[in-house]
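Values quoted throughout were computed directly from the atomic coordinates according to the rules given, and no laboratory measurement underlies them. What you see is a predicted model; the values in this text were computed from it and never measured. With ideal geometry, Cβ positions are generated from the backbone for all residues, glycine too; neighbour counts draw on all protein chains shown.
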Amino acid sequence: MEIEIEEKSPVIRTAEYCMNLEDLQATALSINYTGQYLLLAGRRHLALKNLYDYTEPLKLFNRNSKFEVSCAEFAICNNSSAFCAIATSQLIEVLKWTESSPVLEYSLRAHTRVVTDIDWHSKHPYMLATCSIDTYTHLWDLRDPKRPILSLSAVCMSGATQVGFNRVSGNFIATAHDGDLRIWDIRKGSRPVQYITAHLNRIHGINWSHTEESNLITASQDGSVKFFDINNPRRAERIITTPTPSPVWRARYTPPAFKEGLVTIIVPLVGSESGENSLLLWSNSKNSQSPICSFTGHNDVILDFAYRNDPYRQSNDIEIFTWSRDQTFRVWKLDKELQKLCIQNTIETENGESALEYHQRNSTQPSCSLQHEFSIIFFPSIPGIQKYELDTDKRNAMIRIVANGFIIILQVIFPSGYPFSSPPIFEFCPGTTLDDNLSLKLMKSLKDSSASRVKKGKACLEHCLRALVSDLKKETGGDKAHYLRLQSPRLEGALSKALSDSLIPFPKTSGVRFNATGILVTFARPFTAKRFSLRNQTTTPRALSALSGGYLGNVNGSKPVFYPSKDIDRKSSTGVSICIYDASKLLMVSRELAENYVIIPTNLPRMCRKNREVAEEFGRADLVQTWSIAETIALALASSDFELSDDEMFSSPNPFAKTFLEALINHYAKLGDVQTAAMLCVTFGRYYQEISSRTSSFSTKSNTSHLHAQRLLKQSVSPYHTVTAMDVNSQSVIKYNAWVLAQHLKGQTRSNSWSDSLDDFRINEVNRSVLGESNRNFYDNLKKFYADILYCYNLLPARALILKFVSSPAAFSSTVEFVTECQICKKTSKSPSCLHCKKFLLYCSYCQLPIKGSANSCLSCSHSFHTAHLLEWFENHDVCPVAGCRCPCADNFGMT
Amino acid sequence: MVSVLQTLDSGHEDLIHGAEIDYYGLNLATCSSDNTIKIFDIKNGGQRLKADLKGHAGPVWQITWAHPRFGNILASCSYDRKVILWKETNGEWTKYYEYNNHDSSVNSVSFAPPEYGLILACGSSDGSISILTCNTETGMFDVKKIPNAHTIGCNALSWCPSALPDSTFDQKGKQTNPNNGVAAQIKRFASGGCDNAVKIWKEDGDRWIEEHKLEVHCDWIRDVAWAPSIGLPSTRIASCSQDRRVIIWSTEDFALWTPTILNTFDDVVWNVSWSLTGNVLGVSGGDNKIFLYKENNDGIWSCISEDAENAKDVRHT
C-alpha cells in the first residue's frame, strides 16, 4: 500500500505579504467596512494600517490600558463604518475613527465579567451584541448606549464565549456556552429558541452562513468543525475533523464572492512544528474530508483573521489577513484556482472515510492493530515527511524524511508484541545523509521516546516521527517556533495547553499550614470575591479546565481572573485573606514553659519543684500536678541514692516509680505534649549524679561522649579495673577518652594495677536510670524532638542541655575525624586493625604492644598509647616517651 | 485556644494558592495566580514586604521553605512547568536554581527532612516525580526522575520524617551498639495523584521504588501529609481528595497500612497539614472553610474548630 502524499495533500500556499510588527503586542484584528484599514488592537496601542498603500507607515495610538483587548470589531454597515467596538475587561468602548484619530464615542457598561466577543448586526447600523463570562449576552443600540436594549440571560453556569448574528435575516443570535449552543430570536428575547449540544468540549468559534438563514458552523476544542441547521439541531449536518485532532480556534465561511469555502485556524498541539500553525481552506461540500489548501508561514499560533474583497472589484479574489502571536501580519489570496478546487470537490463523489468515523477516533482508544495505527496517522501533517510505504503484513514501514537539508530514510520494524510489550525497531537505511554523531543522537531519542510510549501501551509511530523531525531541526538549527513559544508561555497556557488543563488540578484557593513553631497560617478566598460560577455547583471541580472560561474566553492571555470583584479598579486586590494564628496552646508545647523550665541534674527534687512553680505561673494546672508527683518520686530517689554504696546493689528504690513514670510519659506523648514527656524523660532518664557534677567542664562538648563517659567512670570506680576497654566499634570513645581521663586523673587516686585482660572486659552495664532501657530509643526520640522545637524557638542553651541527655550519639556530621593509616598497605581504617592486611594499626609507644582497646594519639607527634599507659607515664612526665621525640604531649592531652 | 497573631493583605493581584511560614516563624511566603511570590517579614507582628519574586510565567501553585541550615531557600512550582529555587543572600532574593524538565504543570514541591541534605521532590501533571538533590558544596543538582509515577498526574508530595524508630534493629542491638541506632535510614515519601492512589516510595540504592499503593479514595488525591514522628511506634499519613474525604493511614511496620476515614466534608478537600507534634490536623477545602481536628486519648478524632476565623472561640478540654 503505497501512498504518494502529493495525491491527497492540500495545496500549500505562502503569504503574499508579510509584515513584522514586533513590540506591538496586539491581540485583536479587524478590517473596516471599506477594506481600507486594518486595525490591530493591543493593551498598549491601537495600530492602524492602510491597506490601500502598504508603504504608508503604521499609525499608532497609545492606549496603555491595564487590560488586554479581548476583541475588536469594526461595524459592518456602510452607515456606521467609522465605528469600532473594542472590548477590554468588562467594558466595551465604541470608537469613531475620524480623519486624524479615534474618538471615544460610547462606553457600554453592563457586563460584570470579562467580555469575550462582539458582533455587529449586518443590517442595523447601530446594533451590536456582546457576550461575557458573566453568562449574559447584551444587545445594544448605539442611539441609546446607556443600557442594553435586550439582555439575553443564559441560565447556565458557563459563561458565553462567542456571539454571532445571523447574516441573512439578522433575527437570530447564536451564543456559545462551553460545548453548547443557544439560538435566540431577538424578536422574542428572554428565552433561547434552540438548545444545541454541539460539542463535548468548548466552542471557540461560531459563524453563520452568508446564504442559508438557518445554517451555522461551530469550531471546537475537540478538534472538529460541525455544520448545523438550526431547524434540525439534533445532529450535525456535517463534521470535519482536523488531522491531528488539534483544537480549532476559528472557522468561518468564505465571503459570498468565494463560493463553497471554509477557512479554519488550528491551534497546534504542544511541541508540534510550525507547519501546523496554518490556516486551512476546506471545501464546503459534504464529501470532502481533507483540507484543500494550507496557508503556511506563521511561526506561531494565529490569533485571528479577516477577509477582504478585492478593493478595486477587478476580480473575485479574496484576501485573508492574519495576525499571529509571532507578531507578524500576513496577507493570503484565495484565487480562482482555489475556487476551482473548492467547487470540484463539491461535485466529486469521493468515498472517503465518513465524517463520524473520523471523528470517533478522537476518543483515542489505544489501538492494537497496526493497520489502524497507520490509518489514523495523517502523514502529511508531519512536516518533513515526503514519502512513506507501509506493509502491515510484514509489519514494517519505510519512511523518507527531508528536513533542513538532511535526508533520512527510516525503516521501522514492528515486532509482534508491539505496542504492548516491545517497541518498534528503528534503522537508518542507506541514502540517509546524517553524520554518525547526529544519527546516534537521533536514534537514541527515537528509542527513548518509543520505549516510553510503549511502556504505557500506546502506539508510538506518529509520536516518534514528530519527535524525530523536531529533534533533527533542533540539532541542525532553525527551530524558531520552539523559542517563540517559550517566550510567551502564558498565551500558550491559554491556547494549546488547554488540551491538558483537564488533567491539572483545580487551583486551591484556601489552605492551612502549620509551621515548625506552632504558628498556623491560613488563607482563603476573600469574601468580596464571588464564587466562580461553575457548571456543577454542588462541589468544586477537580480540574483546571473548568476555569478555562476565564482563561480561554480571553484568549490573548490577559490575566486569568478567577474571581474578579465587582468594582473594576480592583485597587485593594484580594483584600485581607491571610491569617496567622498562634496555635501553640493547641499543640501543648508552650514557649513560655520552654523558656522557664530548668534542668538541675544534681538536685532532682529542686528541679521538679522549680518546674512546678513555672507551670503554676503560666496557668497550667494539669502540669502542676505532674510536677508534684515527679517531685515526690525524685525525693524518694534522692534519699535512696545516698544509701547506695555499691554498684551491684542498685535496685529500684521505688518499684512503682518506673511503671508509673512510663505510663505518664506515654500518656503525654500520645497526647502530643512532647514538652512534658521529654522533660520527664530528662528528669528521670539516664542521669548520674556523679558525672554531672564532675564533668561540668566538658558539658559544651558533644552529647555523644556522655554515655561513654558515664560507663567509663562507673567502671573505673571498681577497685579491680583501673582502665576500661571500650566497645571497639565506638569511635566516639576514642575521641573523648582524653577528656574523660583528664577529668578522671584529677579527681582520683588510682591503683596501678593493670592487666592485659582489660581488652576483653565486658561492660556489665547496670541499669541506673529509673526509666528502664527498654524504651530508650523512644525516650531519645522524644528528647530530640523537643530539642528541635527548642531550636525553632531559638532557645539554644536549653536545646543543648536536653540533647545532653540523649543516650545514643547523633550522627557525626562534619567534625574532625580520626583515621589511621596502615603502615603496610597505606589504607585508612577506623578500626584497630587494618581491614585489608589484618595487622594492628596502633602500637603503644610505651609497652610496644598493639592497641586493641581504647587508644590515645597525640595530635602533634602522632604517637599512640594505651590509655592506662598514657596515664601512667604522664603522671610524672611532660614529654613523649618515644626516644628522640620532644613533643610536649602532656599539654595536648590536657594533663598539665 | 488559638489566637490571631495578625492578618495580612498579601497585595497579590489574583488569588493566593499557597502561604507558608518559615522554620522560625519570621518570614511568610505567598504565591498566587498573578505569577508572583511575595515574601513578608512578619517578625514581632510586623508585615513588611521583603521581596516580590517574579520568574514564573504562570500561576504559582505551591511554595515551600527549606530547613534554615541550608540558608534561606524557598522552592516554588508553577503552571509554567518550572520549579524554581530562590535563595536569599545579603537580603537579596535571587534565583538559585531553575528546573524545567517537566512536560506539564508542576503541582507540588516538598523538601526532604534536613538530615538527608537539601533534597526536593517535585510532582507534575505529566505524571512524573523529580527528586533534586543538591550538593551543597558545589551547588550542583543531581536529578532523578520517577517517570509515570501517577498516571495522568501527580498532585501532592510529602516526605517521611527521619526520626522514626528503626525497627530493623532489635533492642539488644541498640544496647550493645548505640551507633546502630542512627544507622542510615531508608528515605521514603508519599505521593498522591489523579489515579486516586496514595503511593509510598522508598529509596533503594540509587533508585526509587514503589513500596505501597494505598487505594481507598475514589477520586483525585489533592494533598498528602506525612505526620511528624515524635518517636511513637506508629507512623501516619493524612490524605485528602476530590471525593471530599480525608483519610488517615497508619502503620507500625510499613507493611500494613490501615485507613481511617476522618470525615466526609461538604466540598472537595484541598489541604491537610499536621501540627508539629502530630496531634492536630488542619483541613481546608473548596468551601473556603478551615477545620482543625484533634485526636483524643482513645484515638477518636473530633473537630475542634470550624473555620479558623471562629477557632479562637473554641476551647478544647
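Each principal axis of the Cα cloud of chain B was evaluated for its coordinate range; sorted largest first, these ranges are 56, 51, 40 Å. Summed over all non-identical Cα pairs, the Kirkwood treatment of region B:1-148 gives a radius of 15.6 Å. Under the convention that each Lys and Arg Cβ holds +1 and each Asp and Glu Cβ holds -1, the size of the dipole of region A:54-111 around its Cα centre is about 180 debye.
Simple rule: put +1 on each Lys or Arg Cβ and -1 on each Asp or Glu Cβ in chain B, find the dipole, and look at B:His150, B:Asn288, B:Val268; the Cα lying farthest toward the positive end is B:His150. Counting charges near A:Asn207 (Lys, Arg +1; Asp, Glu -1) among other residues having Cβ under 11 Å from its Cβ returns a value of +2.
Using a Förster radius of 22 Å, what is the FRET efficiency between A:Lys286 and A:Val11 based on their Cβ-Cβ separation? Nearest 0.05, please. Between A:Lys286 and A:Val11 the formula returns 0.60. Could you list the residues of region A:234-257 with an amide nitrogen less than 14 Å from a label point located 7 Å from the Cα of A:Ile343 in the Cα-to-C-beta direction? Residues passing the 14 Å test: A:257. Between A:Glu821 and A:Lys394, the contour length at 0.36 nm per residue exceeds the Cα-Cα span by 147.0 nm.
Connecting C-alpha atoms closer than 10 Å in a GNM of chain B, tell me which of B:Arg69, B:Arg244, B:Arg236 has the biggest fluctuation. Most flexible of the set in this elastic network: B:Arg69.
Can you give me the relative contact order of chain B as a percent, contacts being Cα pairs under 8 Å and 6 or more apart? Taking the mean separation of contacting Cα pairs over the length of chain B, I get 9 percent.
When region B:1-148 is described by a simple charge dipole with +1 on each Lys and Arg Cβ and -1 on each Asp and Glu Cβ, the residue from B:His12, B:Ser128, B:Thr138 located farthest towards its positive end is B:Thr138. Residues whose amide H comes within less than 5 Å of that of B:Val246, counting only those at least five positions distant or on another chain, are B:Leu262, B:Asn263, B:Phe265 (H built at 1.01 Å from N in the peptide plane). Averaged over the residues of B:281-289, the number of partner chain Cβ atoms lying within 10 Å of the residue Cβ comes to 6.
Placing R0 at 41 angstrom, the Cβ-Cβ distance between A:Phe61 and A:Ser151 gives a FRET efficiency of 0.85 after rounding to 0.05. What is the spin-label model distance, in nm, from A:Ser107 to A:Ala636 if the labels are put 7 Å beyond Cα along the C-beta direction? Here the answer is 8.4 nm between the modelled labels.
Label point of A:Asn794 set 7 angstrom out along Cα-Cβ; within region B:35-63, amide nitrogens under 17 Å from it belong to B:40-48.
Specify, per residue and in Å³, the volume enclosed by the convex hull of the alpha carbon atoms belonging to region A:167-257. Once divided by residue count, the hull of region A:167-257 is 87 Å³. Among A:394-403, A:422-431, A:221-230, sorting by the average number of other beta carbon atoms lying within 10 angstrom of each residue, highest first, gives A:221-230, A:394-403, A:422-431. I need the calculated FRET efficiency for the pair A:Glu99 and B:Met140, taking r as the beta carbon distance and R₀ as 60 Å, to the nearest 0.05. The formula returns an efficiency of 0.40 here.
Rg/Rh for region B:193-273 stands at 0.98; both radii use Cα atoms, and Rh follows the Kirkwood definition. In the structure shown, the pairs B:Lys144/B:Lys199; A:Lys146/A:Lys188; A:Lys473/B:Lys202 are assessed against 28 Å; a Cα-Cα span above that value is assigned to A:Lys473/B:Lys202.
When exposed loop sites are taken as GluC sites (Glu not before Pro) in a DSSP loop with at most 12 other Cβ atoms within 10 Å, the longest stretch of chain B clear of them is B:1-136.
Of B:Ile221, B:Ile131, the sequence from fewest to most neighbouring Cβ atoms within 10 angstrom is B:Ile131, B:Ile221. The GNM of chain B, with springs linking C-alpha atoms under 10 angstrom apart, assigns the highest mean-square fluctuation among B:Thr138, B:Thr89, B:Thr258 to B:Thr138.
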